[in-house]
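Derivation of every value follows stated rules applied to the coordinates shown; laboratory data play no part. Source: prediction; values computed, not measured. Neighbour counts are summed over all protein chains in view; Cβ atoms, including those assigned to glycine, are modelled from backbone coordinates with ideal geometry.
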């Protein structure tokens with residue numbers, strides 16, 4: 001599934017192209033492509049087209065972003081989808097494409113000239129063109145490649161991308177947790193004042209203004225759930241509470257809603273060390289997520305529920321690699337660092353081979369990219385002199401090299417494929433080291449959280465015992 005958006009920019013053409021081609025984000029520019037121009041001279045070529053058609057003012061470029069669900073596709077497939085999108089939707093528009101892999105989710109960036117190099121027509125974007133063309137083409141390409149799409153009727157604009165990402169992975173969001181707590185407080189409240197008291201006991205700060213706002217202590221911003229659901233406005237909450245009281249008086253609703261009794265964690269006998277700690281912590285977060293937690297649970301732990309999947313990934317990593325003690329962790333890190341060093345050395349050797357042939361590889365790309373410009377020049381279209389000259393220089397260079405073009409193309413494909421595979425392996429090794437560092441930083445925090453929770457549970461049990 002790809003979430004798409006388009007941004008119009010009135011300046012910053014060179015900066016946008018540099019961002020898309022950033023080697024740190026595109027595996028040293030392996031995951032890049034161009035349409036109607038070359039990556040090395042894209043800014044100059046786009047500026048020349050604007051001058052040729054005397055359209056140098058207004059919007060200078062458009063920036064399309066395709067964000068894919070984590071783990072759903074490879075960077076190479078994301079690049080292929082972005083290239084197909086550009087060929088179909090941006091016919092005649094010069095474009096630079098880059099697939100970024102620096103985040104958990106793969107995302108493709110397409111920066112294209114606002115002026116069509118063949119017709120001089122300026123690109124225009126509006127809501128209708130977005131849904132019928134950009135979104136429609138992107139969804140169709142995703143389906144053709146076996147990827148999921150946002151179904152008709154689903155709202156992709158009403159939620160942030162982060163929230164969509166967490167929903168797509170089946171993870172809780174702050175919004176869903178807040179709405180669950182609001183519904184629980186409405187069910188338990190006797191009046192509006194009691195409702196606010198219950199929300200405060202659950203760790204929320206309340207903003208009383210034109211709209212009711214809620215945030216966990218420690219969060220920066222308030223959320224206003226009444227914007228999306230009138231049930232969570234002050235009038236909606238008051239009406240719901242009055243409806244609850246009417247049901248209680250009519251006998252169709254119990255006066256006190258039973259809650260599952262909280263049962264403390266019993267240590268699992270099979271795990272020790274880091275594994276035992278993670279099992280305990282995941283159990284605790286699971287209970288909080290299911291609303292089976294002691295009264296007045298700290299806002300910190302309620303926010304930790306949002307990272308449940310991250311901790312489960314860390315636990316699986318520890319179990320798969322049989323890391324139980326700090327000594328196991330140190331030994332694993334040493335092996336991983338050695339493996340990473342070997343992979344980087346192999347990649348350096350490949351890059352040296354690639355650099356020796358880079359002029360020929362660039363010439364191959366020039367011949368393919370500039371073939372349409374050559375045809376237009378031969379048909380008599382003016383303004384294609386520079387492109388035609390560049391095309392002829394590339395053909396001459398390939399001819400003088402003495403290497404058959406087919407063999408050179410196969411060699412280039414082989415080197416790029418090997419580099420892509422090595423980059424995948426390097427990313428995997430770096431991810432392992434990253435998980436090791438995250439685990440070692442998280443262990444003291446988890447131990448402290450568990451200790452505080454157990455102390456709090458002990459206080460609750462003592463209070464309950466005194467009341468008997």
| remark: Taking Cα atoms only, Rg over Rh for the stretch 1-53 with Rh from the Kirkwood formula is 1.01
| query | Just the Cα atoms of the stretch 1-106: what Rg and Dmax do they give in Å? | reply | 13.9, 45
| note | Quick shape summary for the stretch 174-250, equivalent ellipsoid via Cα gyration tensor, semi-axes whole Å in descending order, reads 21, 13, 10
| Length-normalised contact order for the stretch 322-468 - Cα pairs under 8 Å, 6+ apart - percent | 32 percent
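For a distance above 15 Å, tell me the whole-number percent of Cα pairs in the stretch 319-420 that qualify.
On the way: 3716 of 5151 pairs.
Counting every Cα pair in the stretch 319-420, those more than 15 Å apart make up 72 percent.
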| Order of 112-118, 272-278, 321-327, 79-85 by packing, highest average Cβ count within 10 Å first? | 112-118, 79-85, 272-278, 321-327
| remark: Given a Förster distance of 41 Å, the FRET efficiency implied by the Cβ-Cβ spacing of residue 239 and residue 103, rounded to the nearest 0.05, works out to 0.40
| said: Taking the beta-carbon count within 10 Å as an exposure proxy, list 447, 76 from fewest neighbours to most. | reply: 447, 76
| query | How do 109, 63 rank when sorted from fewest to most other Cβ atoms within 10 Å of their own Cβ? | reply | 63, 109
